[in-house]
Amino acid sequence: MVTIGVLFGVLALLVVAVVVKVLRRPYSGTRHAEGLRIEEAARRRAQADRSRYGAYSMHGAVVPPRDGGRP
């Protein structure tokens, strides 16, 4: 019975340690809002480029994929 108590105690200690580690991470908050804005702008530009330079807008029709990867 003591062994089971020690096992549950060790497991509880590990759970508490993991929770404390996750809650005390140094990068848990948004410190670099400018970096997030830069990433969001890059994501919007990439989406616009995919729309602008896609097969339909360049050729006026959907280009079928090549078969077997042959050029």
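Is one or more of the residues making up segment 7-14 modelled with pLDDT under 90 and open to solvent by less than 80 Å² (accessible area, probe 1.4 Å)? The answer is no, given that none of the residues of segment 7-14 is modelled with pLDDT under 90 and open to solvent by less than 80 Å² (accessible area, probe 1.4 Å).
I want to confirm something. Restricting to segment 32-71 and keeping residues that are assigned to a loop (DSSP other than H, G, I, E, B) and surrounded by 10 or more Cβ atoms within 10 Å (Cβ to Cβ), which single residue is modelled with the lowest pLDDT? Step by step, filter segment 32-71, then rank; the result is 63. Remark: residue 29 falls outside the filter, which requires a residue to be modelled with pLDDT under 75 and at positive phi.
Can you name the number of the only condition in (1) at pLDDT below 75; (2) assigned to a helix (DSSP H, G or I); (3) open to solvent by 70 Å² or more (accessible area, probe 1.4 Å) that residue 18 fails? With respect to (1) at pLDDT below 75; (2) assigned to a helix (DSSP H, G or I); (3) open to solvent by 70 Å² or more (accessible area, probe 1.4 Å), residue 18 is out only on (1).
The values are calculated or read from the model by the stated rules, or taken from the named source; none is laboratory data. The structure presented is a predicted model; accordingly, all values stated were derived computationally and were not measured. Glycine gets a Cβ as well: all are built from the backbone with ideal geometry, and neighbour counts include every protein chain shown. All accessible areas refer to the heavy atoms of the entire protein, side chains included, with ligands and DNA or RNA removed. Shrake-Rupley method; radii C 1.70, N 1.55, O 1.52, S 1.80 Å.
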